[in-house]
């Protein structure tokens, strides 16, 4: 229910066609498949566990989802070296991750998110990111929380 609601929100604020997506903490790849099936041109899935990364690769191949590329990395190592630019970054870290509160700063300080791009963090209710300078909105669906952050658009001097 929570993910369906999330995709309904996204459907109203951005076109999926040609969207460039980064899926952090990909797990089984469900978010990656959802974006790919809706027309995202690029979906990069980052999953530390090699078994899960292999599963995502295999599932994407079997569903002919050529837009999905999988990286088996720790997110903390992947982001600083990332040279790609994404329109949307989604992160669903393990809820008991001891550095979960640092994820917004890690993502938003990297150069991965396009100016004006959207970062969505799924997290347990114990966390509030309302004070973060790029906070945009918070949505709650049962025990699932999504916090949206918007990377500022670059302004050009006149």
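Bear in mind these aren't lab numbers, they're just calculated from the coordinates by the rules spelled out. Everything numeric in this text was worked out from a predicted model, so none of it was measured. Every residue, glycine as well, gets a Cβ built from its backbone with ideal geometry; the counts of neighbours run over all protein chains shown.
Within the stretch 1-63, the ratio Rg/Rh, alpha carbon atoms throughout and Rh by Kirkwood, equals 0.98. Only helices enter this figure: runs of n ≥ 4 DSSP H residues, each worth -39500 (n - 2.57), summed and divided by the residues of the chain, yield -8500 deg cm²/dmol at 222 nm to the nearest 500. Dividing the alpha-carbon radius of gyration of the chain by the rule-of-thumb value 2.2 N^0.38 Å gives 0.99.
When you restrict to C-alpha pairs under 8 Å that are six or more residues apart and normalise by the size of the chain, the relative contact order lands at 19 percent. In terms of packing, defined here as the mean over residues of other Cβ atoms within 10 angstrom, the peptides 81-90, 133-142 line up highest first as 81-90, 133-142.
A crude spin-label estimate for the pair residue 99 and residue 125, with each label 7 Å from Cα along the Cβ direction, gives 2.9 nm.
Counting neighbouring Cβ atoms within 10 Å and putting the fewest first, the residues 144, 46 line up as 144, 46.
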